[in-house]
Amino acid sequence: HTTLCVEEKRHTSWFGAALEVDWFSLSAVILLLCTAPFLVFFFVMVCDQYQCSVSQPLVELYSGEATLGSIWDKAPSFTWAAAQIYTVWVSFQVVLYMCVPDITHKFLPGYAGGVQDGARTPAGLINKYEINGLQSWLITHALWYANAQYFHWFSPTIIFDNWIPLLWCTNILGYAVSTFAFVKAYLFPTNAEDCKFTGNVFYNYMMGIEFNPRIGKWFDFKLFFNGRPGIVAWTLINLSYAAKQQELYGYVTNSMILVNVLQAIYVLDFFWNEAWYLKTIDICHDHFGWYLGWGDCVWLPFLYTLQGLYLVYNPVQLSTAHAAAVLLLGLVGYYVFRSTNHQKDLFRRTEGKCSIWGKKPTFIECAYRSGDGGLHHSKLMTSGFWGVARHLNYTGDLMGSLAYCAACGFGHIHPYFYIVYMTILLVHRCVRDEHRCSSKYGKDWKRYTDAVPYRLLPGIF
Ligand code: NDP
């Protein structure tokens with residue numbers, strides 16, 4: 001009783017054909033392209049100039065006390081020192097990614113590193129990836145620690161001290177890599193059959209044309225930019241903020257420790273599960289354009305670390321009860337996030353021959369066709385967390401995100417931007433994913449949504 005469906009309508013619009021982009025998506029794309037870099041600048045600048053008050057610059061602008069020009073002039077500009085730091089950083093990550101094959105999987109039980117297969121692309125290809133992110137993270141952090149403790153080549157506050165100049169450098173790389181990927185898709189695509197042209201140049205630039213652009217056999221743009229310079233830096237940026245608190249006030253607040261610990265769990269989880277990450281939407285379904293290229297270089301390192309930045313300017317010391325509540329929310333959120341992802345991974349890997357919550361999982365059998373006309377079978381699980389709601393992994397992620405924000409107390413809305421953004425991102429992602437699944441699985445998807453009617457919160461949404 002399976003329904004055969006062609007995976008996504010987009011297969012009618014593969015290489016060479018035009019896919020219609022509606023005016024709403026197009027306006028959203030142009031709006032984002034024009035405003036996102038300024039939004040990032042705004043959130044960093046308000047800390048530098050207004051102690052993270054979001055309303056103060058707006059009030060000053062309204063009353064005429066400040067102008068856009070005066071705010072811009074006060075912000076630190078590009079420096080060659082920052083350019084050097086950033087060049088060394090990205091080059092070092094390229095070397096770790098390309099030249100140091102993974103050995104950690106040989107002695108870490110349960111860790112899947114080394115050469116791994118990605119998911120089947122719409123054209124039917126299965127790419128190979130060198131999974132060595134955990135190793136890169138460990139080497140980078142060991143060097144950071146060795147420098148802070150023994151070598152003293154640079155101050156651990158180096159990132160914070162160059163933060164706005166670094167913002168300009170990351171923007172240069174973000175735009176350069178997105179533009180390169182865009183031009184490459186026309187001139188020398190890695191796999192022409194996996195390219196998606198929509199007929200709209202802005203949409204192509206933003207959402208990407210090539211599916212898995214590569215240079216040579218191993219330099220995969222998506223995995224490198226998604227999983228190296230920004231995410232490896234995330235924990236270092238937080239450590240740099242903690243070092244700055246220590247330097248400024250002589251102590252590190254419990255809120256800063258909480259943010260460092262909870263976000264480090266999330267980052268380490270990403271690296272521990274990097275092989276699993278090859279099967280997530282970013283790698284499996286998104287094309288590589290400005291959304292991923294610029295987003296990974298600029299948006300992620302600057303906006304995912306706003307809590308630590310806020311705490312440098314506002315050293316909040318939480319009561320024990322507040323700190324305990326934040327820790328609990330963060331850990332429960334992480335548990336839901338990880339367990340939900342793990343259940344699906346286990347279910348898919350074993351093709352349903354596993355135990356979920358002590359029982360054999362229940363599922364719906366589905367079939368679909370890929371772009372090359374091949375017939376494939378799949379299963380949608382209806383037990384465990386996937387029987388409670390259709391995306392509890394997002395719910396767990398949102399609980400964790402709320403915990404980072406709540407660690408900053410309730411003095412300003414600045415650190416809460418993250419939960420607002422994550423809610424928009426994951427609700428939009430949920431809708432986008434369900435639209436794709438519905439096109440892919442057709443009636444079988446309807447059977448699944450009838451069996452599991454809620455998306456993120458059972459009984460509510
Ligand atoms: P999922 O891991 O939830 O993957 C969705 C896919 O899983 C669907 O497209 C479908 O793929 C398959 N699927 C859906 N329902 C079922 C089911 N019942 N049984 C089996 N398979 C099913 O989504 P993401 O890749 O978006 O997210 C992975 C994690 O990454 C999440 O925890 C998310 O929170 C996190 N994330 C974090 C971000 C951040 O910025 N911090 C950004 C994005 C994600 P198929 O076609 O194979 O059937």
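The values are calculated or read from the model by the stated rules, or taken from the named source; none is laboratory data. Quick caveat: nothing in here was measured; it's all calculated off a predicted structure. Virtual Cβ from ideal backbone geometry, glycine too; neighbours counted across all protein chains shown. Just so you know, the surface numbers come from the protein's heavy atoms only, side chains and all, with ligands and any DNA or RNA stripped out. Shrake-Rupley method; radii C 1.70, N 1.55, O 1.52, S 1.80 Å.
Below, the figures for the structure above:
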item: Verdict on residue 320 being open to solvent by 20 Å² or more (accessible area, probe 1.4 Å), of a type in the set (Val, Ile, Thr) and away from the ligand (no atom under 13 Å from the Cβ); result: yes
item: Residue 68 in the same structural domain as residue 287 (by the TED database), farther than 30 Å from residue 52 by Cβ, open to solvent by 30 Å² or more (accessible area, probe 1.4 Å) and among the aliphatic types (A, V, I, L, M); result: no
item: Meets criteria (over 30 Å from residue 253 (Cα atoms), under 16 Å from the mean Cα position of the chain (by Cα), near the ligand (Cβ under 9 Å from one of its atoms) and modelled with pLDDT under 90) for residue 436; result: no
item: Tabulated pairs, the range 409-426, first at negative phi, second part of a helix (DSSP H, G or I) and open to solvent by 40 Å² or more (accessible area, probe 1.4 Å), C-beta under 6 angstrom, 6+ apart or interchain; result: 419/402
item: Residue in the range 356-364 that is in contact (Cβ under 8 Å) with a residue 40 or more places away in the chain and open to solvent by 20 Å² or more (accessible area, probe 1.4 Å) present; result: no
item: Test: residue in the range 96-114 that is touching a Lys or Arg at 6+ places or on another chain (Cβ under 7 Å), surrounded by 13 or more Cβ atoms within 10 Å (Cβ to Cβ), not hydroxyl-bearing (Ser, Thr, Tyr) and not in a strand (DSSP E or B); result: no
item: First in the range 42-54 and over 10 Å from residue 313 (Cβ atoms) and in the same structural domain as residue 307 (by the TED database), second anywhere and in a loop (DSSP other than H, G, I, E, B) and open to solvent by 20 Å² or more (accessible area, probe 1.4 Å), Cβ under 9 Å, 6 or more apart; result: 42/54; 43/54; 54/412; 54/413
item: So residue 336, is it within 14 Å of the ligand (Cβ to nearest atom), crowded, with 20+ Cβ neighbours inside 10 Å and modelled with pLDDT of 95 or more; result: yes
item: Out of 249, 205, 186, 150, sole residue that is aromatic (Phe, Trp, Tyr) and either within 16 Å of the ligand (Cβ to nearest atom) or touching a Phe, Trp or Tyr at 6+ places or on another chain (Cβ under 8 Å) (or both); result: 205
item: Test: residue in the range 224-242 that is polar (S, T, N, Q), surrounded by fewer than 19 Cβ atoms within 10 Å (Cβ to Cβ), assigned by the TED database to the domain that holds residue 115 and under 22 Å from residue 164 (Cβ atoms); result: no
item: Some residue of the range 283-293 being within 10 Å of the ligand (Cβ to nearest atom) and of a type outside the set (A, V, I, L, M, F, W, C); result: yes
item: Among residues of the range 266-282, those that are away from the ligand (no atom under 13 Å from the Cβ) and open to solvent by 10 Å² or more (accessible area, probe 1.4 Å), counted; result: 3
item: Conditions (1) modelled with pLDDT under 95; (2) open to solvent by less than 80 Å² (accessible area, probe 1.4 Å); (3) in a loop (DSSP other than H, G, I, E, B); number of the one not met by residue 28; result: (3)
item: Any chance residue 430 is within 11 Å of the ligand (Cβ to nearest atom) and not β-branched (Val, Ile, Thr); result: yes
item: Single match in 83, 75 (criterion: over 30 Å from residue 273 (Cα atoms), at pLDDT 95 or above and of a type in the set (A, V, I, L, M, F, W, C)); result: 83
item: Scope the range 425-448; condition surrounded by fewer than 17 Cβ atoms within 10 Å (Cβ to Cβ) and either over 21 Å from residue 280 (Cβ atoms) or in contact with a Gly (Cβ under 8 Å, 6 or more places away or on another chain) (or both); matching residues; result: 443, 446
item: Residue match in the range 126-137 (condition: open to solvent by less than 20 Å² (accessible area, probe 1.4 Å), of a type in the set (Val, Ile, Thr) and not in a helix (DSSP H, G or I)); result: yes
item: Residue within the range 346-359 that is among the aromatic types (Phe, Trp, Tyr) and within 12 Å of the ligand (Cβ to nearest atom) present; result: yes
item: Selected residue [at pLDDT 95 or above and under 30 Å from residue 313 (Cα atoms)] from 134, 166; result: 166
item: Among the candidates 378, 370, 383, residue that is within 8 Å of the ligand (Cβ to nearest atom) and open to solvent by less than 40 Å² (accessible area, probe 1.4 Å); result: 378
item: Within the range 391-423, tally of residues that are within 18 Å of residue 42 (Cβ to Cβ), within 12 Å of the ligand (Cβ to nearest atom) and either in a loop (DSSP other than H, G, I, E, B) or assigned by the TED database to the domain that holds residue 262 (or both); result: 0
item: Condition met for residue 211 (modelled with pLDDT of 95 or more and buried (at least 20 other Cβ atoms within 10 Å of the Cβ)); result: no
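Conditions tested, residue by residue: (1) over 21 Å from the mean Cα position of the chain (by Cα); (2) at pLDDT 90 or above; (3) farther than 22 Å from residue 283 by Cβ.
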| site | (1), (2), (3) |
| --- | --- |
| 118 | no, no, no |
| 123 | yes, no, no |
| 130 | no, yes, no |
| 143 | yes, yes, yes |
